[in-house]
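What follows draws every value from the coordinates through simple rules; no lab data is involved. In this text the structure is predicted, and so the values were computed from the model without any measurement. Positions of Cβ are backbone-derived with ideal geometry, glycine not excepted, and every protein chain shown enters the neighbour counts.
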Amino acid sequence: MNLDADAAYLVVKARDARFDGRLFVGVTSTGIYCRPICRVRTPKRENCRFFDTPAQAEAQAFRPCLKCRPEIAPGPGLAWSVMDASRTLARQAADWLDAQSASGESPSLTDLSGHLGVSDRHLRRIFQAEHGVTPMQYLQTRRLLLAKQLLTDTRMPVSQVALASGFSSLRRFNAAFAQSYRMSPSRLRGDAADDTTQPPVDAITMSLGFRAPYAVDRFMRFLTQRAIPCVESVDGLQVRRTVRAGVIAEAAGWISAEFQPEASRVRLAFSPAWVNASARVASAVRRWLDLDATPHTIGAALSSLPGEEGLRLPGSLDAFELAVRAVLGQQVTVAAARTLARRVVERFGTPVQTPWDDVNIAFPDPTRIAKTPVEQIAELGIIRTRANAIVEIARAWPELSGLMHGATSTEPLIAALCELPGIGPWTAHYIAMRAMSWPDAFPPNDVAVLKAMKHLFNTQSQREADVHAAAWRPWRAYAVLRLWNSLENLP
């Protein structure tokens, strides 16, 4: 954040939700740090210390507030196109540590620097400059906050929480928790010291925060229109779906996300088999539901467009599923693409045991589709060129998925996609827009976008649309959503 301490204090006094997850306040009189939206009595200015991240606050011996729960705060938001090379590398390092946080492994600085192809010294310097802490301090904070979240939101035994949050033993977990938070895990929860009598859990539950406003109704309408029967179901403020094996965890499973708008939270429930992937679940859901968006910043950039505030960019839990759906949606209606996707799932999907009768099949694995003759896909009513494109995507998926993981640019993925038969620039950009949550996506020659822009701004070509849309960068994907929605009001 580029706020001085006096300005940061005004944010805390106003409980300004725009800065939630981007600013934290430590109170020296209590030793606790909070989100700026915390409802406790505002501390005195002289007792406040301000931090950009929880890791910075914990490095100064502050412990997280039990009321506002910093562990569920939204992230700082995406910055695809505004970082220099050092900041990009520091963000890549943080992403890698996030992925390691619940793995149970103990990565070293040498492991991390080797993964990124830089020296230990250079990595330590740029990471400290960007995040305000060392890489290992960052990793420890991530693990402790995940543990605090699981202790608060679930009834998992403390021993299982220790393993799920990345600690190799209960003894090390108890020691680290007590040292950082000055209390034992069982005291935080209020459990008896012996937790072996805890019954098995039916689901892992977690809460995730977001910055208001969030146009939940609009987001759920988008999902409803595209939900593939047996894979995904939307009911009011809740979406339920399956996820195939290998996407979030080794085993296939299920997930439920229910919006709680009044609390600016999403309540998750997911397969117990994914307990050791809890950190990956939370990260994937944040991208899927766009929980880290900064709606006021985006809204200000798109003020020339009609549309409600708080519009979010729907991501994807399964990038391969999204890519297949993008091909099926070429030059057909949303409803028609949904019908074709249902046929693909019914023919090639895998049964999954879930708590619901209407959501019980996982989307096909790319390995299976890659081995499927094109004729078997085409006989589902899919044009042969598109059936062939789906098979080619599946065959290239090991390379394509590698271009998505940890990437800071969409250009390599788009180039690789466009080399495949049946994949043009629009499809490639749309896949990047949703599978990678690219906020500046602007799919070329989108018929609906060009129609809306002609109506609103009298643009006559893609070139004129590109020139006009430059003012919306780096949020053009949100502009695309607003433009699509604007056509609903046209005669």
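Give the residue list of GluC sites (Glu not before Pro) in segment 347-431 that are DSSP loop and have at most 14 other beta-carbon atoms within 10 angstrom.
In loop regions of segment 347-431 (DSSP not H, G, I, E or B), the sparsely surrounded GluC sites (Glu not before Pro) are 379, 419.
Say the dipole of the chain comes from +1 at the beta carbon of Lys and Arg and -1 at that of Asp and Glu; which of 166, 88, 48 then lies farthest toward its positive end?
48
Round to the nearest 0.05 the FRET efficiency obtained for residue 15 and residue 183 when R0 = 25 Å and r is the Cβ-Cβ distance.
Efficiency for this residue pair is about 0.40.
Can you compute the charge dipole magnitude of the chain about its Cα centre, using +1 on each Lys and Arg Cβ and -1 on each Asp and Glu Cβ, nothing else charged? Give it in debye, rounded to the nearest 20.
In total the dipole reaches around 920 debye.
Tilt of helix 135-153 relative to the longest C-alpha principal axis of the chain, in degrees (0 to 90, nearest 10)?
90 degrees
Expressed as a whole number of Å, what is the distance separating the alpha-carbon centroids of segment 140-164 and segment 229-301?
19 Å
Can you show me the helix-derived [θ] at 222 nm for the chain, built from DSSP H runs with n ≥ 4 at -39,500 (n - 2.57) apiece and divided by the number of residues, rounded to the nearest 500.
Numbers: 23 runs with 228 residues, N = 491.
Taking each H run of at least 4 residues, the total per residue is -13500 deg cm²/dmol.
Along its principal axes, what span do the Cα atoms of the chain show, with the longest given first and each in whole Å?
The Cα atoms of the chain stretch 65, 51, 48 Å along the principal axes, largest first.
Amide H to amide H, which residues 5 or more places from residue 235 or on other chains are under 5 Å from it, using H placed in the peptide plane?
240
Using +1 at the C-beta of Lys and Arg and -1 at the C-beta of Asp and Glu, which of 138, 157, 176 has the Cα lying farthest in the positive direction of the dipole of the chain?
Most positive-ward Cα: 176.
Against the longest alpha carbon principal axis of the chain, how many degrees, from 0 to 90 and to the nearest 10, is the axis of helix 120-131 turned?
Taking the Cα atoms of the chain, the angle to 120-131 is about 90 degrees.
Taking the Cα-to-Cβ direction at residue 129 and at residue 308 and moving 7 Å from each Cα, how far apart do the two end points lie in nm?
Going from the residue 129 label point to the residue 308 one covers 4.4 nm.
For segment 447-489, state the semi-axes of the equivalent ellipsoid (square roots of 5 times the eigenvalues of the alpha-carbon gyration tensor), sorted largest first and rounded to whole angstrom.
15, 14, 7
Given labels modelled 7 Å from the Cα in the Cβ direction, how far is it in nm from residue 109 to residue 171?
2.7 nm
Using the Karplus curve 6.51 cos²θ - 1.76 cosθ + 1.60 with θ = phi - 60°, what ³J(HN,Hα) values do you get for each residue of segment 427-440, in whole Hz, with x for Gly and Pro?
Per-residue couplings from phi come out as 4, 5, 5, 5, 4, 5, 4, 9, 6, 9, 6, 7, x, 9 Hz.
Across the chain, how many lysine pairs, 8 or more positions apart or on different chains, have C-alpha atoms separated by under 24 Å? Please give the number.
Taking the Cα cut-off of 24 Å, the pair count is 4.
If one computes P(r) from the Cα atoms of segment 202-434, what percent of pairs lie at distances over 30 Å?
24 percent
Starting from the Cα gyration tensor of segment 5-71, multiply each eigenvalue by 5, take the square root, and state the resulting semi-axes largest first in whole Å.
Working: eigenvalues 45, 33, 26 Å².
Its equivalent ellipsoid spans semi-axes of 15, 13, 11 Å.
If you plug each phi of segment 385-400 into the Karplus form 6.51 cos²θ - 1.76 cosθ + 1.60 with θ = phi - 60°, what whole-Hz ³J(HN,Hα) values come out, in order, with x for Gly and Pro?
4, 6, 4, 5, 4, 5, 5, 5, 4, 4, 5, 8, 4, x, 6, 5
Could you give the angle, 0 to 90 degrees to the nearest 10, between helix 216-226's Cα long axis and the longest principal axis of the Cα atoms of the chain?
40 degrees
In whole Hz, what ³J(HN,Hα) sequence does segment 466-474 give by Karplus (6.51, -1.76, 1.60; θ = phi - 60°), x for Gly and Pro?
4, 4, 5, 6, 4, 5, 8, 5, x
Taking the chain as a whole, which cysteines find no other cysteine Cβ under 4.7 angstrom from their Cβ?
Within the chain, the cysteines lacking a partner Cβ under 4.7 Å are 48, 230, 418.
Contact order normalised by length for the chain, with contacts defined as Cα pairs under 8 Å and 6 or more residues apart; what percent is it?
Rounded, it is 12 percent for the chain.
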